Amino acid sequence: IDLLTNHPCSQLLGKKVNIIYQDRNNRIWFGTSSNGAWCWNPATNSIKNYTVAQKLPSNNCLAFLESKNGNMFIGTSKGLSIISSDSIIRNLRSADGLRGERCPGLLEDNEGNVWISNNNSIICYDPRGQSFRYFDEKTGLSSYGFYTSAYYKNDDGTLFWGGNKGISYFQPKQLLNL
């Protein structure tokens, strides 16, 4: 077994990793519970760490999503970060309209909207208009919150979200038309 002692990812040894994600450029993203997000680029064999010092809202990273336009979304325990292709970080928190700052799940629908799960609702973020819509038990979704790493988009665009009381699933267009 190679313990990665001479590898850039050796910096992650001993750290609690919540999630691992591969983007379209084959970079591997690691979200840790207290040491931020790490991005390993196998092509250059380099690793970059994003933390509160680099403007993340929290070092507890729960979810990743690379959008169709190449932005990297990072869900944290205290808000959502968007890293643009030119490495500029923009954060969305409750003061920006994000309801509930914990973001344990991220999916992009076929229209380019980013769906965010949290403790008591699912949020649709429209990056073009920079606006939010909120969906909760009033629209038939679970009121018991949603879990980290318990989300999936299937081939027909249906979004699935796992939580304490089972799953919620929907076609985004149908939910947005309510």
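Just to confirm my numbers, what's the Cα centroid distance between segment 98-134 and segment 27-62 in Å? The distance from the Cα centre of segment 98-134 to that of segment 27-62 comes to 21 Å.
Work out, step by step, the length gained on full extension between Ile28 and Asn41: first 0.36 nm times the residue separation, then minus their alpha carbon distance; give nm to one decimal. Could you put the intermediate results ahead of the total?
Working: separation 13, 0.36 × 13 = 4.68 nm, distance 0.66 nm.
The Ile28-Asn41 span can extend by a further 4.0 nm.
Each reported figure results from applying straightforward, stated rules to the coordinates on display, with no laboratory input. Not measured: the values here are computed from a predicted model.
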